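Participant: Take a look at this one; I'll ask things after.
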Amino acid sequence: MKDKFYLTTAIAYTSGKPHIGNTYETILSDSIARFKRLDGYDVFFQTGTDEHGQKIEEKASLAGKTPKEFVDGVAGVIKDLWDLVDVSYDKFIRTTDKDHELQVQKIFNKLYEQGDIYKGAYSGWYCTPCESFWTESQLVDGKCPDCGRPVKQAQEEAYFFKMSKYADRLIKYYDEHPEFILPLSRKNEMVNNFLNPGLTDLCVSRTSFKWGVPVDFDPKHIVYVWLDALTNYITGIGYDVDGNNGDLYNKYWPADVHIIGKDIIRFHTIYWPIFLMALGVPLPKKVYGHGWLLQDGGKMSKSTGNVMYADDLVKFFGVDAVRYYVLSEMPQDNDGLISWEAIIEKTNAELANVLGNLVSRTIAMSNKYFGGVVENKGAVEDVDEDLKAVVVSAYDKVKTAIENYKISDAISEALSVFRRANKYVDETAPWVLAKDPAKADRLKTVLYNLSESIVIGLSLMTPFIPKSCEKALKMMNAPIRSYDKITEFGLYENGTKVAENPEILFARLDAKVVMEEVNKMLEERRPKEVKKVEEVKEEKVSKPQIEFDDFAKVELKVALITACEKVAKSKKLLKLTVKLGEEVRTVVSGIALHYEPEYLVGKKVVMVTNLKPVKLCGIESQGMIVCAENAEEKISFLSPEWDIEDGSDIF
Ligand code: ME8
């Protein structure tokens, strides 16, 4: 019987369209799933969407939709995107699936009944008209930061999970399973920063919003989104709290690996195992926290601008060039970089020049010299042995790299087959052999060895770039090589006829031409151009020096723009709603000639928060958005370089 392999991705938030970083994770998981299937495992691959919570409730309301309408739309977008990049999942779970929601309620009940969850109180400063809790530091002059009215000390009931009860068991589990957390450095981080200082009980219910799974015996409480989301890994395959588990669960649990990003390792290696221990369910075998795909050196986030999306990239480069780039550029335990230029360079250097070129010239030579028929005429030379040695040893190297979650190494091992074969073309110089009729058999053997190397190389590349490999194997007129025979050389059927008119697998890209198109697309999405100002600008005079204390009077914070509209009576003004942590304010800003309102929603900007409020066109502006202006009077707001929380101080 085949060994089973159950792998999962994190489930994506349905707060908006996933960027290429989120998409990387599903491509990464997909390439592992595909390799394992080819390697003889009985694989189950689950992905899906995380659809509850306050943020999604807010986004839906901003979009004028019910939360369910909103998440249905975004889940559809996510599914389409995963399909576009050829993610071969077996199950797509949504946390709004009824069977999942039911199990979440039952899990909460069970944990409550056995005493792991208890009812307690959450205390803080309460503003009655706003129905909001604030911490001491959030108050402005001791008053509600939203409406400025007095606040009072209040307590609100909430449910808590007894995390500390399980801390020792978890540390023991880590020690007994050194392979549980990958990369290893993360384990120490979890132990030193969270477990050793002692776990505090976790608040596992909320009453401040409605969009979630209600606690069934106390429905004004909504189950904490992480408790809801994490359980997808078992509910998706048919876990049942009452013991009526489905066949998939019985077969596939525990998961062999949860693949997630580095930012959510704590939830997966502390909360999740503890919830499972409390439920009496075996723990997953491994949690792999991959690095981040960074754009222009900064973290990519749905809420900051300038984000790359897989569908745009696919439009320019095709799906496999995108898969290939992200997989080969991400190291195992570090972050990776992505840019349009780097994708062009890599596609040309590796996919076009090494892989595509070998396939096309080998097929072209077979057609030119032998009417497309490939035959092995034996008579092995040293150079053939050398080629074979590299080709037949590639599988073990790819496999070892995959098993250690070193996917970029696995790709470069697979590519090494094509590199070696290209070198073999130079070494054997088929065009010279072709000139001498006495060397026809040798030329046949050379082309056979190349064809066989190509089939093995394509079979190893299939998990990473499946469609192109399928296409190329068709051109070679050969099936994918089964992995249990992939270390043998010489199975390419003698007398096979290759395609007469092979397609170009990866066309060489002209960076200048592609970048012009890319910039045109990006420019169209950017805010409106401001007309160039013809008159010469007054020379700017530097301002006089100030003391630090003068500067310190200005309070600057990171603000998230949650809504934006034109001010009816003005051409220049936009009315923005901004969020500063728990606080929400209205700001009127003179940037309407430079930005479309829709473009600004979701952006994080720098805001002066202690300017005296002023009324502009009848609207009270409670702060100022800071902008930069160039010599042509083009204006740009300023954003943090990575996705720092709104409300953060700037100094
Ligand atoms: O975290 N590069 O969802 P999410 C690589 N719903 N990976 C990235 C990334 C980047 N730039 N940005 C994000 C959530 N990710 C939760 C998960 S699981 C029970 C709940 C990764 O849509 C991120 O680390 O914000 C996460 O693993 C995945 O994308 C989905 O992120």
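Every number in this text was worked out from the coordinates using simple rules, so none of it is lab data. Please read all numbers here as calculations on a predicted model, not as lab measurements. For neighbour counting, all protein chains shown are included, and Cβ atoms are generated from backbone atoms with ideal geometry for every residue, glycine included.
Participant: What list do you get for 106, 59 if you sort them by fewest beta carbons within 10 Å?
Facilitator: Taking fewest neighbouring Cβ atoms as first place, the list is 106, 59.
Participant: Right, here's the next one. If we restrict to alpha carbons, what Rg and Dmax does the chain come to, in Å?
Facilitator: Spelled out, the Cα radius of gyration and Dmax of the chain are 29.5, 100 Å.
Participant: Work out the P(r) tail for the range 4-310: percent of alpha carbon pairs separated by more than 37 Å, whole number.
Facilitator: That tail contains 17 percent of the Cα-Cα pairs.
Participant: Could you work out how far apart the two model spin labels at residue 345 and residue 201 are, taking each label as a point 7 Å from the Cα in the direction of the beta carbon, and quote it in nm?
Facilitator: Calculated label separation equals 5.5 nm.
Participant: If I stretch the segment between residue 251 and residue 493 completely, what's the gain in nm (0.36 nm per residue apart, minus their alpha carbon distance), one decimal?
Facilitator: 83.3 nm
Participant: From the phi angles alone, apply the Karplus equation (6.51, -1.76, 1.60; θ = phi - 60°) to the range 415-432 and give each ³J(HN,Hα) in whole Hz, x where the residue is Gly or Pro.
Facilitator: So the Karplus estimates, Gly and Pro as x, are 5, 4, 4, 5, 4, 4, 5, 4, 5, 4, 4, 5, 5, 8, 6, x, 5, 6 Hz.
Participant: Could you give the length gained by full extension between residue 520 and residue 193, i.e. 0.36 nm per residue of separation minus their alpha carbon distance, to one decimal place?
Facilitator: Length gained between residue 520 and residue 193: 113.0 nm.
Participant: Please list 3J(HN,Hα) in residue order for the range 475-484, calculated via the Karplus relation 6.51 cos²θ - 1.76 cosθ + 1.60 where θ = phi - 60°; whole Hz, with x for glycine and proline.
Facilitator: Residue by residue, the range 475-484 yields 5, 7, 6, 9, x, 4, 6, 5, 5, 7 Hz.
Participant: Counting Lys +1, Arg +1, Asp -1, Glu -1, what net charge surrounds residue 397 among other residues with beta carbon under 12 Å of its beta carbon?
Facilitator: The answer is -2.
Participant: With a ≥ b ≥ c taken as the square roots of the eigenvalues of the C-alpha gyration tensor of the range 175-264, please select rounded if a/c is under 1.5 and otherwise prolate if a/b is larger than b/c or oblate if it is not?
Facilitator: Because a/c hits 1.5 or more and a/b fails to exceed b/c, the range 175-264 counts as oblate.
Participant: For the chain, what relative contact order do you get, as a whole percent, if you take Cα pairs closer than 8 Å and at least 6 residues apart?
Facilitator: Answer for the chain is 12 percent.
Participant: Using a 7 Å offset from the Cα along the Cα-to-Cβ direction at both residue 383 and residue 501, what is the distance between the two label points in nm, to one decimal?
Facilitator: Computed distance between label sites residue 383 and residue 501 equals 3.3 nm.
Participant: Let me ask another. Based solely on its DSSP helices, what 222 nm [θ] is calculated for the chain when runs of n ≥ 4 H residues each add -39,500 (n - 2.57) and the sum is averaged over all residues, nearest 500 deg cm²/dmol?
Facilitator: -11500 deg cm²/dmol
Participant: Also, quick follow-up: Give the residue from 205, 219, 237 lying farthest towards the positive end of the charge dipole for the range 185-253; charges sit on Cβ (+1 for Lys and Arg, -1 for Asp and Glu) and the dipole is referred to the Cα centre.
Facilitator: Value computed over the given set: 205.
Participant: How would you classify the range 548-650 from its alpha-carbon gyration tensor, with a ≥ b ≥ c the square roots of the eigenvalues: rounded for a/c under 1.5, else prolate if a/b is greater than b/c, otherwise oblate?
Facilitator: rounded
Participant: Please list, in chain and number order, the residues 5+ apart from residue 622 or on another chain whose amide H is under 5 Å from its amide H, with Hs placed from the backbone.
Facilitator: 586, 587, 588
Participant: Sticking with this one: Take the Cβ-Cβ distance between residue 614 and residue 508 as r, set R0 to 60 Å, and report the resulting FRET efficiency rounded to the nearest 0.05.
Facilitator: Working from the Cβ atoms, E equals 0.55.
Participant: With viscosity set to 1.567 mPa s and temperature to 4 °C, compute the Stokes-Einstein D of the range 302-357, Rh being the Kirkwood radius across alpha carbon pairs; µm²/s, no decimals.
Facilitator: The diffusion coefficient I find is 107 µm²/s.
Participant: How large is the charge dipole for the chain, taken about the Cα centre, if only the Cβ atoms of Lys, Arg (+1) and Asp, Glu (-1) carry charge, to the nearest 20 debye?
Facilitator: For the chain, the charge dipole is close to 820 debye.
Participant: Out of all Cα-Cα pairs in the range 13-58, roughly what percent, to the nearest whole number, are more than 12 Å apart?
Facilitator: Distances greater than 12 Å cover 68 percent of the Cα pairs.
Participant: How big is the Kirkwood radius of the range 1-105, worked out from every pair of different alpha carbons and given in Å to one decimal?
Facilitator: Roughly 14.7 Å, rounded to one decimal.
Participant: Residue 377: which lysines have alpha carbons under 23 Å from its alpha carbon, excluding same-chain residues fewer than 8 sequence positions away?
Facilitator: Of all the lysines, those that pass the test against residue 377 - Cα under 23 Å, at least 8 places apart if same chain - are 368, 388, 423, 435, 439, 444, 485, 497.
Participant: ³J(HN,Hα) across the range 328-344 via Karplus (A = 6.51, B = -1.76, C = 1.60, θ = phi - 60°), whole Hz, x for Gly/Pro?
Facilitator: Karplus values, whole Hz, x for Gly and Pro: 7, 8, 9, x, 5, 10, 8, 8, x, 10, 9, 8, 4, 5, 5, 5, 4.
Participant: Between their Cα atoms, which of 251/286; 36/474; 2/467; 2/165 are more than 28 Å away from each other?
Facilitator: The answer is 2/165.
Participant: Further question on the same structure: For the range 339-497, what D do you get in µm² per second when you plug the Kirkwood radius from alpha-carbon pairs into Stokes-Einstein at 10 °C and 1.306 mPa s?
Facilitator: D = 100 µm²/s.
Participant: Another question, if that's okay. Take the alpha-carbon centre of the range 535-609, take the same for the range 612-643, and report the distance between them in whole Å.
Facilitator: 2 Å
Participant: While we're here: Among 95-104, 139-148, how do they line up from the highest to the lowest mean number of other beta-carbon atoms within 10 Å?
Facilitator: Descending mean neighbour count gives 95-104, 139-148.
Participant: If you average the alpha carbon positions of the range 143-200 and of the range 474-519, how far apart do those two centres end up, in angstrom?
Facilitator: 50 Å
Participant: Continuing with this model, one more query. Taking each pair of distinct Cα atoms in the range 215-288 once, what is the resulting Kirkwood hydrodynamic radius in Å?
Facilitator: So the Kirkwood estimate lands at 13.3 Å.
Participant: Over what distance in Å are the Cα centres of the range 350-406 and the range 418-448 separated?
Facilitator: Comparing the Cα centres of the range 350-406 and the range 418-448, I get a distance of 13 Å.
Participant: What are the residues whose amide H is under 5 Å from the amide H of residue 239, where those residues sit 5 or more places off or on another chain and H is modelled from the backbone?
Facilitator: Distant-sequence amide H within range of residue 239: 246.
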